[in-house]
Amino acid sequence: MKIRAVLLTIALTIVWIVLRENFYPSTIISGVAFSCAIIWFCDKYLPLGRISNVRFSRLAGYPFFLLGQVYIAGFYVIRLIMGGAEVKVIKMKTVLKNEGLKVVLVDSITLTPGSICLDLDGDEINLLWLKDSRRSFTDGERDELLKGALERRLLKAEKAEVK
């Protein structure tokens, strides 16, 4: 546990130094202090050990994948705005079982341009969606466009429930 904390402190301090763009002693000291505070806070208030049915190793690359999806959706929305778009409120279902991963999914959908999550109730997601006004979508096409790749990626991180 102590080796993990030391390695995390070093990694977070390096990130702090890079973000601050200088290597002054005050930057290093403040980086170590903030890193220790972050590690303490996460251990106390984010008990990841108690979250079950999630493979965290599979989620490690998810932020980078999401960033790519944000850019792809951004270019799609630019094209929509130039060609004509309409706003729709839609409902769709998710196959994810883990509540935490459902929240990650709806947050990811909201982060991608063109859609905003209005409500998550069980397996049902209500969205405000910027739709191509020149094209009609089946429910399957719409769901694939809005959550397909994101949900598949999160399904890989979800462990099957043991009964």
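The values are calculated or read from the model by the stated rules, or taken from the named source; none is laboratory data. Note that the structure is predicted; figures quoted are calculated from it, not measured. Here Cβ is always computed from backbone atoms with ideal geometry, including for glycine, and neighbour counts include all displayed protein chains.
Observations on the model:
- Some residue of region 72-84 being out of contact with any Lys or Arg (no Cβ under 8 Å at 6 or more places or on another chain) and farther than 30 Å from Ser136 by Cβ: no
- Residue in region 108-128 that is in contact with a Leu (Cβ under 8 Å, 6 or more places away or on another chain), assigned by TED's automatic domain parsing to the domain that holds Arg153 and within 30 Å of Leu7 (Cα to Cα) present: yes
- Selected residue [among the aliphatic types (A, V, I, L, M), at pLDDT 90 or above and under 30 Å from Asn126 (Cβ atoms)] from Leu105, Leu48: Leu105
- Filter result for Glu141 (more than 16 Å from the chain's Cα centre (by Cα) and modelled with pLDDT under 90): yes
- Any hit, region 116-135, residues being assigned to a helix (DSSP H, G or I) and surrounded by 14 or more Cβ atoms within 10 Å (Cβ to Cβ): no
- Candidates Leu150, Leu101, Leu80, filtered to the one that is in contact with a Ser or Thr (Cβ under 7 Å, 6 or more places away or on another chain) and surrounded by 13 or more Cβ atoms within 10 Å (Cβ to Cβ): Leu150
- Total residues in region 52-75, condition over 17 Å from Gly148 (Cβ atoms), surrounded by 13 or more Cβ atoms within 10 Å (Cβ to Cβ) and among the aliphatic types (A, V, I, L, M): 2
- With respect to the stated conditions, Lys88 fails to be farther than 15 Å from Leu130 by Cα, touching a strand residue (DSSP E or B) at 6+ places or on another chain (Cβ under 8 Å) and not aliphatic (A, V, I, L, M).
- Test for Val54: is it among the β-branched types (Val, Ile, Thr) and over 30 Å from Ala5 (Cα atoms): no
- Annotation note: of Ser52, Ser26, Ser57, Ser35, the sole residue that is out of contact with any strand residue (DSSP E or B) (no Cβ under 7 Å at 6 or more places or on another chain) and in contact (Cβ under 8 Å) with a residue 60 or more places away in the chain is Ser52.
- Counted residues, region 84-98 - those being touching a Ser or Thr at 6+ places or on another chain (Cβ under 8 Å) and surrounded by fewer than 16 Cβ atoms within 10 Å (Cβ to Cβ): 2
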